[in-house]
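Scroll down for the structure; my scribbles are underneath it.
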């Protein structure tokens with residue numbers, strides 16, 4: 001267990017930091033042509049788990065994967081005695097350095113291999129806010145829950161029951177899909193007391209906390225900076241039967257600090273990109289980010305509507321890169337629904353990630369949940385989960401609280417993503433994301449508040465389990481999922497004809513046909529049908545088969 005720093009030492013460090021100006025810059029390099037690392041030896045910069053994930057999902061290596069040329073880094077640091085390396089950001093081919101004299105940046109700009117420099121942080125621009133996360137209504141829990149039972153019911157989940165039952169997540173847990181073999185990286189502001197609270201004892205005892213990293217303050221632990229990540233972790237990995245059980249209690253976790261909770265500077269987007277690259281290198285599968293960026297302490301860096309186009313801001317670009325590496329990022333939509341901005345923040349606009357809005361216990365959208373852009377072709381948020389008065393763990397005592405914000409709807413969803421993925425780890429992030437989308441209750445009528453709505457993970461599991469369910473049928477469907485058409489293949493039919501009926505998820509008959517089973521194969525065109533889940537009912541004599549068909 002990592003020992004905590006004393007309050008006195010923390011105060012001393014704070015005083016020393018304020019005693020001198022600290023300026024930080026992002027130094028972007030022109031290329032990686034002379035890096036000593038090679039795609040032929042990825043084990044030199046990626047873990048075996050990360051390599052296996054790429055192989056599993058047919059991910060091609062790119063220059064983003066290669067570490068930054070160490071000669072470039074050393075040359076920058078040697079250009080002036082003032083420069084100190086903070087972190088590398090390899091996906092962007094950049095490093096973050098600190099300077100005490102801003103004039104020294106001119107020397108670095110003149111280096112041939114430096115593409116550009118960007119001022120990203122000044123200590124004196126730090127916000128005065130103690131807690132910038134606009135989460136709402138966090139009363140101490142007054143209700144007492146029943147003791148643990150062996151059933152996956154309200155007595156077992158305690159406060160977490162409604163937020164998991166809304167998603168039919170207990171149906172996955174009952175089948176022992178609880179996040180096994182899935183690694184979740186949480187990128188947040190800090191994890192105060194996550195190393196000591198009873199609700200996390202099981203994670204530590206079972207070695208489910210695989211590691212930590214601090215991108216904000218490298219070298220220091222992540223357990224003394226902020227409570228936000230602690231609350232987030234509890235909704236996924238918490239295990240306190242009768243009080244709060246999370247959505248992925250069997251998953252493994254990396255706890256990454258990328259956010260400085262006392263400030264809002266563009267450096268935090270670089271921190272996130274560095275954290276996501278770290279998560280990639282250690283083999284993470286799911287990323288949860290309960291963060292978003294619009295306004296900064298230096299208004300020069302504020303994002304505009306035009307910036308949020310799905311692939312432009314630093315953190316949004318990095319989120320899409322994470323998806324391309326075989327990971328599935330899950331991000332909170334934001335809590336600006338009641339404000340003048342109203343809309344999602346970066347990286348919630350990222351095209352490839354799952355963006356999560358917040359609803360209450362009745363499934364009604366929370367007023368604070370950020371809206372998607374009406375003019376965007378991409379549906380955002382993608383989905384919703386409970387984020388109003390969700391149940392979370394206190395960072396200061398062994399108690400359960402209620403807290404509101406999309407900060408909590410996102411990890412509740414991320415944990416369910418991990419549990420679903422644990423049913424078949426060979427599936428790609430795209431397949432997982434699509435199954436979740438197609439299980440939503442507003443699939444055919446999405447909007448800018450609910451997105452596609454509330455997923456039903458029991459249905460999502462069925463969508464992903466199509467091939468396994470069909471193996472004993474006398475009729476096969478290929479391909480499945482499909483786009484324009486699918487092929488029926490009759491095997492060992494005991495009759496000359498079969499009756500076929502195609503239903504939508506509302507039970508309505510789309511079409512009905514009688515077909516000759518002796519033809520062996522038949523192509524069925526579904527080009528004109530909306531994307532989604534359909535049920536093909538096959539009637540042969542006194543036997544009845546049902547096959548789920550997923551149209552992309």
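The values are calculated or read from the model by the stated rules, or taken from the named source; none is laboratory data. In this text the structure is predicted, and so the values were computed from the model without any measurement. Heads up, the Cβs are rebuilt from the backbone with ideal geometry, glycines too, and the neighbour counts pull from every protein chain shown.
Taking strands (runs of 3 or more DSSP E) that fall entirely within region 290-402, which contain at least 3 residues that are over 21 Å from residue 446 (Cβ atoms)? I'd like the intermediate steps shown before the answer.
Details: elements: 328-332, 354-359, 383-386, 390-393.
Of the strands (runs of 3 or more DSSP E) lying wholly inside region 290-402, those with at least 3 residues that are over 21 Å from residue 446 (Cβ atoms) span 390-393.
Given region 155-266, what helices (runs of 4 or more DSSP H) lie entirely inside it while holding 3 or more residues that are buried (at least 22 other Cβ atoms within 10 Å of the Cβ), within 17 Å of the chain's Cα centre (by Cα) and at pLDDT 95 or above?
On the way: elements: 161-165, 169-174, 201-205, 228-237.
Passing ranges, in order: 228-237.
Which of the residues that make up region 435-446 are touching a helix residue (DSSP H, G or I) at 6+ places or on another chain (Cβ under 8 Å) and closer than 13 Å to residue 463 by Cα? Lay out the reasoning, then the answer.
Within region 435-446, the subset touching a helix residue (DSSP H, G or I) at 6+ places or on another chain (Cβ under 8 Å) is 435-436, 438-439, 443.
Those that are touching a helix residue (DSSP H, G or I) at 6+ places or on another chain (Cβ under 8 Å) and closer than 13 Å to residue 463 by Cα: 435, 436, 438, 439.
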